[in-house]
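Below is one structure; the comments refer to it alone.
Bear in mind that the values in this text are calculations on the coordinates, not laboratory data. Since the structure is predicted, the reported quantities are computational estimates derived from the model, not experimental observations. Using ideal geometry, Cβ is built from the backbone for each residue, glycine included, and neighbour counts are taken over all protein chains shown.
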Amino acid sequence: MTAEQTFRIACIPADGVGAEVVAAGRAVLDTVADRSAGRFALDWTEFPWGSAYHAEHGVMMPDDGLDRLRDFDAIYFGAVGWPTVPDHVSLWGLRLRICQGFDQWANVRPVTFLPGITGPLRAADDTELDWVVVRENSEGEYAGLGGRNLSARGPGGEVAVQSALFTEVGCERIFRFAFDLARTRARRKVSSVTKSNAQQYGMVLWDETFARVARDYPDVETESVLVDAMSAKFVLRPEELSVVVASNLHADILSDLGSALAGSLGLAASANLNPERRFPSMFEPVHGSAPDIAGRGVCNPVGAIGSAAMMLGHLGLPDEAKAINAAVEACTARGIRTRDVGGTAGTREVTEAVIAHLPG
Ligand code: GGG
């Protein structure tokens, strides 16, 4: 049967558990496509980039890697990082190269509280929680600005500088994204994370731009919270949160905290979006490559499967995305869970159970 639309997907499993969780997500996506009665098909191309590629070629991806990805409809990514390559080399050589090269400036990281999974917050409080962390994904502390001076102060006196870059354009676009997202949600609220008491240039520009953009969204509740206070708020007053917008580094830390509070880092999905659609967007679980459990068939595929659902939503298939999320919820509610969330199932068992719960 010829499909009404065929999406070309670039797949980069990369390192560690990346291969296992990407295989899980692909199995789910292929099943949804097979059962779509010709509505859509997926045409996959896999790229063997990552730390093993680095061992052979001295780089995480080839020089023309971005050109080879440019014409795909989306990128499905696993995880980056392996003990044989320094972490800053692997991160900058692959994940950040793609995010920044394709101006994927909005990193959307929903914190999903799934039925049957009692993380620290659920154990303490039965309130329905539903957050989205919006990470500024193109600048901030990840601008890559700085340097090291080995001889500045003689032996043992090396100096290193790491600067953060905040632009008004970069701040404004991520705030508008967060406000527009808040308008689609039951609770219309945006919490901006700052540290402007200590960082008197970039974070003050961040705050001022937030206040200016907020004036265009009078129907959306706002607050500006210092990152240290926000960490406490995640734990102590989680019901007050809806959309949390933060700089590259702050959001990276807070989204890990959020998913740990929801039960496990393995549950968290994410989308690195180029909202203008000039370049492909990239979908990946929030977690890293987890070398300690890689290759053992025990890692949690839920974050990768949720990222696959986000990819379908981005490709204009929201019903199919919802069906995947509903199948995941049905599994966790029935106790089919990996060990990081208190279960005994392996990666494959959870994946097969999700597939079994998809509409026929
Ligand atoms: N799938 C996400 C991933 O591989 N993350 C690896 C990592 O170290 N990320 C740090 C960051 O992006 O800030």
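Overview of results
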quantity	calculated
At q = 0.11 Å⁻¹, base-10 log of I(q)/I(0) for the stretch 79-184 (Debye sum, equal scatterers on each alpha carbon)	-0.59
Difference of contour (0.36 nm per residue) and Cα-Cα distance, Glu208 to Arg183	6.9 nm
Once exposed loop GluC sites (Glu not before Pro) are cut out (DSSP; at most 16 other Cβ, 10 Å), longest piece of the chain	5-127
Net charge, Ala290 excluded, C-beta distance under 10 Å - Lys, Arg +1, Asp, Glu -1	-3
Whole-number D in µm²/s for the stretch 188-284 (Stokes-Einstein; Kirkwood sum over Cα pairs; 20 °C, 1.002 mPa s)	145
Ascending count of other beta-carbon atoms within 10 Å, so fewest first, for His314, His250, His88	His88, His314, His250
Inter-label distance, nm, simple model (7 Å from Cα along the C-beta direction), Ser151/Arg8	5.0
Least to most buried among Met60, Met311 (fewest other Cβ within 10 Å first)	Met60, Met311
Descending principal axes extents, the stretch 244-301, alpha-carbon based, whole Å	39, 24, 16
Virtual spin-label span in nm between Leu257 and Glu128, 7 Å along Cα→Cβ	2.6
Other-chain or far-sequence residues with amide H under 5 Å of Asn274's (modelled H)	Ser281, Met282
Modelled FRET efficiency - R0 25 Å, Ala160 with Glu239, Cβ distances, 0.05 increments	0.05
Whole-angstrom Cα spans of the stretch 118-262 along principal axes, big to small	57, 38, 23
Relative contact order (%) - the stretch 118-262, alpha-carbon pairs under 8 angstrom, separation at least six	36
Estimated [θ] at 222 nm from DSSP helical runs (n ≥ 4, -39500 (n - 2.57)) normalised by residues in the chain, nearest 500	-11500 deg cm²/dmol
Once the Cα gyration tensor of the chain is diagonalised, semi-axes √(5λ) in Å	31, 26, 21
